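S.K.: Pasting a structure below so you can have a look.
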Amino acid sequence: MAEVFEGMKHMPYWWEAAPRPASPVAELPAAVDVAIVGAGYSGLHAALVLAQAGRSVMLFEAGLLGSGASTLNGGMVGPSFHKLGIQGLKRRYGEDQANAILRESVGFVDFLENFLTGEGIDCGFRRGGRFRGALTPAHYDAMARDLEGLARVAGVEGEMIPPARQHEETGSKLFHGGMVYRRDGGLHPGLYHDGLVARARAAGAAIAAETPVTGLARRGDGFIVTTPRGEVRAGQVAICTNGYTGKLTPALRRRLLPLRSAMIATEPLAPEVMRKLVPKDRVLSDSRRVVAYYRPSPDGTRFLFGSRAAGGADNPHVIAPHLRRLMLQVFPELATARIGHCWSGLVAYSFDHAPHIGVLDGLHYAMGYCGSGVARASYFGHKLGHKMLGNAEGATAFDGLPFETRPLYTGNPWFMPGILLWHRLADRLGR
Ligand SMILES: Cc1cc2nc3c(=O)[nH]c(=O)nc-3n(C[C@H](O)[C@H](O)[C@H](O)COP(=O)(O)OP(=O)(O)OC[C@H]3O[C@@H](n4cnc5c(N)ncnc54)[C@H](O)[C@@H]3O)c2cc1C
């Protein structure tokens, strides 16, 4: 077994085609209209909108460009419907806002598609659909009810795939049928991020990588942004740090649950194996409580598998065997496949399972994408830019959702390993 991990790189597969070299670090100006903390999809989209409107924009990124989740993810795109489901959403927010949230969510991928097409960003984007496998007959029935509701309320295009037709979608024997979201898809997250960086720079936004923001202080009607390389005055500040939100913004940190998500990629597989696993070249997920997501690489040669990281740390010797075990439950035929890459990054959950956008203590923010941020963070970053400009286009059905925290919680989710363990047990029992 150990030989399947021989030579495995502790690095995202995506960085082979989109490496993260140290990029030229912009000089820090004395003052800008807008400072943005975090250069993932959220920060870059906000920067693009603001720079295109003529604002001077400085993006600060603590690590190498794209070293956050925006080049580490699975590249799977979809509306990411709220975990509470239609009824849960209605109970929490009332029927009108719940319906508006669902309808707007369907547009996330349309937004991304239009953006990529309009900007000519070539990142392997393909709307080939997503198959979601049902682990039990009860899960299948629940999926059918959900799909019926989503089609009625939000016009979601999907189809139930009964067990007898499952082989058309996947070679896996693990499922009791499943469903297809026809308008979901996938892209190469590293190439997407590269394209976005280039567009933001071309619009005039300056980006300082390897420049963590260490302090934010109110000064007059703006802020002083402190970094190890000096200070910058900014009229407005946007916090786009999602899973990496730290002590810089304690009020936001205590509203988020950072979780480690991890992936492995196999070495290239024979074309006939790939065709057998995923005949229609769709992205896949299933009805497990502890999320599992998997897909062919955009060039169709490798199989990528992701889930929450065992142990919580970025340790490939723990993560890779755990993910491989989960992958073999779905596709036992991959038992001899060598694992070429293993990596992980941080996502951020909110207490109400919804993404949040707004202003707190004078700081603009967009975050809490609950592990599904490729389309969401792009869309919310765009909205954030418009909000900061005071444009009506910044309005969203997610406005005004209470961004909750819990008493005594400061941002260290010490209780999550216990919750994950419970969910894993429930998965094993098929609950
Ligand atoms: C392994 C993995 C798999 C995933 N798979 C999927 C998927 O298939 N589909 C999907 O939709 N979503 C997926 N996601 C989630 C998605 O990647 C994120 O939701 C999205 O990238 C968030 O973008 P962002 O710009 O808000 O945050 P990020 O891209 O995480 O960027 C935040 C940045 O803020 C920076 N930062 C933090 N503090 C400071 C500071 N003080 N100063 C300067 N910079 C700072 C960080 O260095 C980081 O680069 C996955 C995530 C991971 C980790």
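The values are calculated or read from the model by the stated rules, or taken from the named source; none is laboratory data. Predicted, not measured: the structure shown is a model, and the values here were computed from it. Cβ coordinates were reconstructed from backbone atoms using ideal geometry, including for glycine residues, and neighbour counts include every protein chain displayed.
S.K.: As an exercise: evaluate GLU3 against (1) modelled with pLDDT of 95 or more; (2) charged (D, E, K, R); (3) away from the ligand (no atom under 14 Å from the Cβ) and give the number of the one condition it does not meet.
M.R.: (1)
S.K.: Being surrounded by fewer than 24 Cβ atoms within 10 Å (Cβ to Cβ) and assigned to a strand (DSSP E or B): is that true of ASP96 here?
M.R.: It is false that ASP96 is surrounded by fewer than 24 Cβ atoms within 10 Å (Cβ to Cβ) and assigned to a strand (DSSP E or B).
S.K.: Would you call PHE108 within 25 Å of SER350 (Cβ to Cβ), within 10 Å of the ligand (Cβ to nearest atom), in contact with a helix residue (DSSP H, G or I) (Cβ under 6 Å, 6 or more places away or on another chain) and modelled with pLDDT of 95 or more?
M.R.: Numbers: within 25 Å of SER350 (Cβ to Cβ): yes; within 10 Å of the ligand (Cβ to nearest atom): yes; in contact with a helix residue (DSSP H, G or I) (Cβ under 6 Å, 6 or more places away or on another chain): yes; modelled with pLDDT of 95 or more: yes.
Against the criterion (within 25 Å of SER350 (Cβ to Cβ), within 10 Å of the ligand (Cβ to nearest atom), in contact with a helix residue (DSSP H, G or I) (Cβ under 6 Å, 6 or more places away or on another chain) and modelled with pLDDT of 95 or more), PHE108 qualifies.
S.K.: Could you pull out the residue among GLY385, GLY430, GLY411 that is out of contact with any Gly (no Cβ under 6 Å at 6 or more places or on another chain) and closer than 21 Å to GLN236 by Cα?
M.R.: Values: GLY430 fails: closer than 21 Å to GLN236 by Cα; GLY411 fails: closer than 21 Å to GLN236 by Cα.
After ruling out the rest, the residue left standing is GLY385.
S.K.: Follow-up question, since we're still on this one. Kindly provide the set of residues from region 311-329 that are touching a Lys or Arg at 6+ places or on another chain (Cβ under 9 Å), of a type in the set (A, V, I, L, M) and touching a residue at least 40 places away in the same chain (Cβ under 8 Å), ordered by number.
M.R.: ALA313, ILE319
S.K.: Okay, moving on. Could you list all residues from region 360-402 that are within 15 Å of the ligand (Cβ to nearest atom) and hydrophobic (A, V, I, L, M, F, W, C)? It would help to see each step written out before you state the result.
M.R.: Applying the first criterion (within 15 Å of the ligand (Cβ to nearest atom)) to region 360-402 yields 363-385, 398.
Those that are within 15 Å of the ligand (Cβ to nearest atom) and hydrophobic (A, V, I, L, M, F, W, C): LEU363, ALA366, MET367, CYS370, VAL374, ALA375, ALA377, PHE380, LEU384, PHE398.
S.K.: Could you say which residue among ASP314, ASP286 is within 15 Å of PRO12 (Cα to Cα), in contact with a strand residue (DSSP E or B) (Cβ under 9 Å, 6 or more places away or on another chain) and of a type in the set (Asp, Glu)?
M.R.: Details: ASP286 fails: within 15 Å of PRO12 (Cα to Cα).
Residue meeting the stated conditions: ASP314.
S.K.: Scanning region 110-160 for residues that are of a type in the set (D, E, K, R) and more than 26 Å from ALA100 (Cα to Cα), which turns out nearest to the chain's Cα centre (by Cα)? Let's see the steps before the verdict.
M.R.: In the first step, residues of region 110-160 are kept if they are of a type in the set (D, E, K, R); the result is 110, 113, 119, 122, 126-127, 130, 132, 141, 145-146, 148, 152, 157, 159.
If we keep only those that are more than 26 Å from ALA100 (Cα to Cα) as well, we get 119, 122, 126.
On the way: GLU119: 21, ASP122: 19, ARG126: 17 Å.
Only one residue tops the list, namely ARG126.
S.K.: Take the residues in region 340-359 that are within 7 Å of the ligand (Cβ to nearest atom) and touching a Ser or Thr at 6+ places or on another chain (Cβ under 7 Å); name whichever of them is nearest to LEU256 (Cα to Cα).
M.R.: It comes out as VAL347.
S.K.: Which of (1) under 30 Å from GLY43 (Cα atoms); (2) part of a loop (DSSP other than H, G, I, E, B); (3) not hydroxyl-bearing (Ser, Thr, Tyr) does ASP281 not meet, given it meets every other one?
M.R.: Unmet condition: (1).
Residue by residue, here is whether (1) in contact with a Cys (Cβ under 7 Å, 6 or more places away or on another chain); (2) within 18 Å of PRO355 (Cα to Cα); (3) within 15 Å of the ligand (Cβ to nearest atom); (4) hydroxyl-bearing (Ser, Thr, Tyr) holds:
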site	(1), (2), (3), (4)
LEU28	no, no, yes, no
GLN52	no, no, no, no
MET58	no, no, yes, no
GLY74	no, no, yes, no
ALA100	no, yes, no, no
GLU104	no, yes, no, no
THR117	no, no, no, yes
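S.K.: I would also like to ask the following. Name the pairs whose Cβ atoms lie under 9 Å apart, with the first residue in region 8-20 and modelled with pLDDT under 95, the second surrounded by fewer than 19 Cβ atoms within 10 Å (Cβ to Cβ), and 6 or more positions between them or separate chains?
M.R.: Listed pairs, sorted by first residue: ARG20/GLY63; ARG20/LEU64.
S.K.: Kindly indicate the residue of region 60-72 that is near the ligand (Cβ under 6 Å from one of its atoms) and among the aliphatic types (A, V, I, L, M) and also farthest from the chain's Cα centre (by Cα) among those meeting that condition. Before you say what the answer is, go through the steps one by one.
M.R.: Restricting attention to region 60-72, the residues satisfying the condition of being near the ligand (Cβ under 6 Å from one of its atoms) are 60-63, 67-70, 72.
Checking which are among the aliphatic types (A, V, I, L, M) leaves us with 62, 69, 72.
Details: ALA62: 19, ALA69: 7, LEU72: 9 Å.
Restricting to residues being near the ligand (Cβ under 6 Å from one of its atoms) and among the aliphatic types (A, V, I, L, M), the top hit is ALA62.
S.K.: Now a separate question. Considering region 71-119 alone, what residues qualify as being touching a His at 6+ places or on another chain (Cβ under 9 Å), within 22 Å of LEU191 (Cα to Cα) and of a type in the set (Gly, Ala, Ser)?
M.R.: Listed by number, the list holds a single entry, GLY75.
S.K.: Return a yes/no flag: does region 236-248 have any residue that is of a type outside the set (Asp, Glu) and over 25 Å from the mean Cα position of the chain (by Cα).
M.R.: Step one: filter region 236-248 for residues of a type outside the set (Asp, Glu), giving 236-248.
Checking the rest, the ones that are also over 25 Å from the mean Cα position of the chain (by Cα) come to 236.
Checked against the condition, which is being of a type outside the set (Asp, Glu) and over 25 Å from the mean Cα position of the chain (by Cα), region 236-248 yields at least one hit.
Conditions (1) in contact (Cβ under 8 Å) with a residue 24 or more places away in the chain; (2) on the phi < 0 side of the Ramachandran plot, marked per residue:
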position: ARG201; (1), (2): no, yes
position: ARG219; (1), (2): no, yes
position: GLN236; (1), (2): yes, yes
position: ASN242; (1), (2): yes, no
position: ALA251; (1), (2): yes, yes
position: LEU257; (1), (2): yes, yes
position: ASP286; (1), (2): yes, yes
position: ALA292; (1), (2): yes, yes
position: GLY300; (1), (2): yes, no
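S.K.: Go through region 236-275 and give me each residue that's more than 14 Å from the ligand (Cβ to nearest atom), more than 27 Å from LEU408 (Cβ to Cβ) and in contact with a Phe, Trp or Tyr (Cβ under 9 Å, 6 or more places away or on another chain).
M.R.: Hits for region 236-275 are GLN236, THR266, LEU269, VAL273, MET274.
S.K.: Moving on to the next point. Hey, can you tell me all the residues within region 297-318 that are among the small types (Gly, Ala, Ser) and either in a loop (DSSP other than H, G, I, E, B) or closer than 15 Å to GLY340 by Cβ (or both)? Lay out the reasoning, then the answer.
M.R.: Step one: list which residues in region 297-318 are among the small types (Gly, Ala, Ser), which gives 297, 300, 306-307, 309-313.
SER297, GLY300, GLY306, ALA309, ALA310, GLY311, GLY312, ALA313, listed by residue number.
S.K.: Scan ARG282, ARG254, ARG289 and give me the residue that is under 21 Å from the mean Cα position of the chain (by Cα) and at pLDDT below 95.
M.R.: Numbers: ARG282 fails: at pLDDT below 95; ARG254 fails: at pLDDT below 95.
The conditions single out ARG289.
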